[in-house]
Amino acid sequence: MATLSLEQVTKVFANGVEAVSEFDLFVEEGEFVVLVGPSGCGKTTLLRMVAGLEELTSGTIRLGGQIVNDVSARDRDVAMVFQNYALYPHLNVLDNIAFSLRVRGVPKHQRHPKAREAADVLGLTAVVLRKPAQLSGGQRQRVAMGRALVREPAVFLMDEPLSNLDANLRVQMRSEVLRVQRRLGVAALYVTHDQTEAMTMGDRVAVLRGGTLQQLATPQELYENPANLFVASFIGSPPMNLYEGEISGSADRLVLSLGSQKLALPAESGHRHRVLEAGRGRKLVAGIRPEDLTVADGETADQQATLTALVELVELLGNESLVHFSTDATRVRNNTGGAWTPDATAHGEIVGASAAEGVARIDPRVPVATGDRVALVVDVERIHFFDAETGATIGATDQSPTAPQQPS
Amino acid sequence: MESQAGGASPAPANTGTGHAPGSSGIGSLLKLSGASKQRLAGWLFLTPAIAYLLFAFALPIVYNVLLSFERDSLSTIGSINAPWAGFFNYTAMFNDQIAQSAIVHTLVFTVGSLAGQFIIGLSLALLFSNRFPGRTVARSLVIVPWLVPLIVTGVIFRFMFQQEGGAINQILVGTGLIHNPVDWLGTTSYALLTVTIANIWLGVPFFTLLLYSALQEVPAEVKEAAMIDGANPWQRLRLVTIPIILPVIEITFLLGFVFTVKVFDLVIGMTGGGPANATQLISTWSYTLGFQEFNFGEAAALNNVLLVAALVCAPLYLLLSRDQLRRSSGAGR
């Protein structure tokens, strides 16, 4: 058991592509950290560098305080679950799980009971003598985790381990993975492109984009205080509605314009308010989470900040309804020039939701139908503001949100 | 038999007419039902292949078996009416010292060749699986032995292994490994080793190519998983890579065996079976028996030893290749 620390880790491939640049991360013993980002963001490369399967171009990786840059994968004492499980096809479940013990010279009568115990923990008791080809996807996944369980690794690495499973099994296996990690009690690094997985599993989540860390925080913190536009658009399903906006008005009564519509902002005295005030007249990006919109009932409509919208589609989900609407505001989604642009094509949910110009998550009992013109009440206190140029969150308390906070 | 008028035949007209199609005389022979038409077409397509197999495989084998039970001489070999010999040729063959040693030589030669070819072939295949400058060129050079006619290979090796002025002796003496030139092909104790070395050279491309392509099928992730599990390179090879490619290794050995037991031109080119029959193999001795001593019966009997070996190998090959098919299709994700 050990802590894992990455300092200024950089990887430049032979073809000149910088996959990871100056990445910092500290993982506590027993902590579960998720690396999340669109494909090609460098998260798998990072994991492979920690595993020792990929060399660092520069930077330092420490395991339990020891620099392991030049330690080979087989001496690094890490356990890893691969995306395609990477089971040994010629060995049965028991021998797959016991393989690491076998190569360390543990005799059969000692390693088999251990492997059997791991198989029991993972519910594989009935299939221990089967070969991987005779197992279901979920069982293969469990065998892959069993290989980690029989060892006492310094760190537990997982590379999209659930991406080959069907949706139901994936949800079930999330808790299974967490259970195994708690049992091991070691630092865990988990790579996924699925923000739901990241949010539900991680003690902390590192959001990556283009090889650089965007934000490292708890899931709740990521959701409520995204460091920049990328994180804001990547985390949350359906994603945050992002519009071009402009601030005007007097210091005590700032007004946000979204297209032709105006929203009065509450008078507050915080840091953010001062930054917004100073930025009057400049373009910015306003972000509204779908749940921060409600359908106004006739009486209160004119007293609140509302957005008039045309309902394009209503998705009834039972416990809630997703109302896809359009307004005359300009939706920010794929700014080709901007540095912050989320990789829309790499993340299905962003693309899917952008068919309409906004989504509201509302009470399913409120009657709304396609074609209705509705007034959507905006929870103005919860609007997120971003710099239109840099994508950085405006008025975040921490002015350098990408710098990881290292508990040390 | 009761073919349910397969998908291709629009046969509803037949159902309910009461009599089975094709069972009532000439009329239905001309108006075949869909199913029998298909069966006829199938046989027609197979005919050329069957004719070829009968002519090229069955006929020589049957003729050879027949010969081994006859007392043939130059005067009867052209006809099929040679006197019956029973097992005479077989007893003669098993009492023939040279035939006996030819069988032993063939075994030694085959085992030695296959072992050498496997070790060198696997090493080269592993080497080519790594990236290094000039890999593509080196990989293409491996098949050079196939471009040279066997008899030429034999002659080249004979030159290389000559006692005086042969390249091998010059190198060995030059580097100080041996003091006096060895008579590689003229000494009975070395000659079989020498032809085996030449045959290893010939068979290496086959092993290299098959094993190399098998190695490409081993998923990188599995090798990486073994590395992370703590396996050293030798353990990864022995416990992961070789077991995964084992089905290909088995088939390679089997085919290699079939190719090796029948080697002929190489030995004729290098030693002609000598010295003192030290490199006489089943193939070369049955050739000598048949076409130089005109003892056709014993030559055929000796050759049938190879036939038996082939008969053992053929079903084994089918079994293994079917097994591999099953394994590889089942092992997919």
Checklist entry - Looking at (1) away from every other protein chain (no Cβ under 14 Å); (2) open to solvent by 30 Å² or more (accessible area, probe 1.4 Å); (3) part of a helix (DSSP H, G or I), can you tell me which one residue A:237 breaks? => result (3)
Checklist entry - Can we say residue A:160 is within 14 Å of chain B (Cβ to nearest Cβ) and closer than 18 Å to residue A:28 by Cβ? => result no
Next on the checklist: I'd like to verify a number: residues in region A:56-78 that are within 14 Å of another protein chain (Cβ to nearest Cβ) and not polar (S, T, N, Q), how many?
Outcome noted: 9
Checklist entry - What pairs can you find where one residue is in region A:41-55 and within 13 Å of chain B (Cβ to nearest Cβ) and within 17 Å of residue B:223 (Cα to Cα), the other is assigned to a loop (DSSP other than H, G, I, E, B) and among the small types (Gly, Ala, Ser), and their Cβ atoms are less than 9 Å apart, with a gap of 6+ or different chains? => result A:52/A:72
Checklist entry - Scanning for something touching a residue at least 60 places away in the same chain (Cβ under 8 Å) and not acidic (Asp, Glu), does region A:117-127 turn up at least one residue? => result yes
Checklist entry - What number of residues within region A:285-312 are open to solvent by less than 40 Å² (accessible area, probe 1.4 Å) and either part of a loop (DSSP other than H, G, I, E, B) or at pLDDT below 75 (or both)? => result 4
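Give the residue that is least open to solvent (accessible area, probe 1.4 Å), with candidates limited to residues of region A:3-41 that are of a type in the set (Phe, Trp, Tyr) and over 23 Å from residue A:233 (Cβ atoms). Reasoning before the result, please.
Let us first name the residues in region A:3-41 that are of a type in the set (Phe, Trp, Tyr), namely A:13, A:23, A:26, A:32.
Checking the rest, the ones that are also over 23 Å from residue A:233 (Cβ atoms) come to A:13, A:26, A:32.
Details: A:13: 69, A:26: 37, A:32: 0 Å².
Step by step, filter region A:3-41, then rank; the result is A:32.
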Checklist entry - For region B:114-138, which residues satisfy the criterion of being open to solvent by 70 Å² or more (accessible area, probe 1.4 Å), in a helix (DSSP H, G or I) and without any contact (Cβ under 8 Å) to a residue 60 or more places away in the chain? => result B:119, B:127, B:136, B:137
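Listed residues A:105, A:123; which is within 11 Å of chain B (Cβ to nearest Cβ) and open to solvent by 10 Å² or more (accessible area, probe 1.4 Å)? Give the derivation first.
Working: A:123 fails: within 11 Å of chain B (Cβ to nearest Cβ).
Of the residues listed, the single one that is within 11 Å of chain B (Cβ to nearest Cβ) and open to solvent by 10 Å² or more (accessible area, probe 1.4 Å) is A:105.
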Checklist entry - Name the pairs: first residue in region B:271-285 and without any contact (Cβ under 8 Å) to a residue 24 or more places away in the chain, second residue open to solvent by less than 10 Å² (accessible area, probe 1.4 Å), Cβ to Cβ under 6 Å, at least 6 apart or on different chains? => result B:273/B:279; B:273/B:280; B:273/B:284
Checklist entry - Of the residues that sit in region A:155-164 and are open to solvent by less than 10 Å² (accessible area, probe 1.4 Å) and either in a loop (DSSP other than H, G, I, E, B) or of a type in the set (A, V, I, L, M) (or both), which one is nearest to residue A:64 (Cα to Cα)? => result A:155
Checklist outcome for this item: Flagged in region A:150-176 as in contact with a strand residue (DSSP E or B) (Cβ under 8 Å, 6 or more places away or on another chain) and in contact (Cβ under 8 Å) with a residue 60 or more places away in the chain, in numbering order, are A:151, A:153, A:154, A:155, A:156, A:157, A:158, A:159, A:160, A:161, A:163
Next on the checklist: Quick check on region A:121-138. Is at least one of its residues under 23 Å from residue A:201 (Cα atoms), assigned to a helix (DSSP H, G or I) and of a type in the set (A, V, I, L, M, F, W, C)?
Outcome noted: yes
Checklist entry - Taking region A:79-102 on its own, how many of its residues are open to solvent by 10 Å² or more (accessible area, probe 1.4 Å), in contact (Cβ under 8 Å) with a residue 40 or more places away in the chain and either facing chain B (nearest Cβ under 8 Å) or not in a helix (DSSP H, G or I) (or both)? => result 8
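The values are calculated or read from the model by the stated rules, or taken from the named source; none is laboratory data. Note that this is a predicted model, so its numbers are computed, not measured. For neighbour counting, all protein chains shown are included, and Cβ atoms are generated from backbone atoms with ideal geometry for every residue, glycine included. With ligands, DNA and RNA removed, areas are computed over all heavy atoms of the protein, side chains included. Shrake-Rupley method; radii C 1.70, N 1.55, O 1.52, S 1.80 Å.
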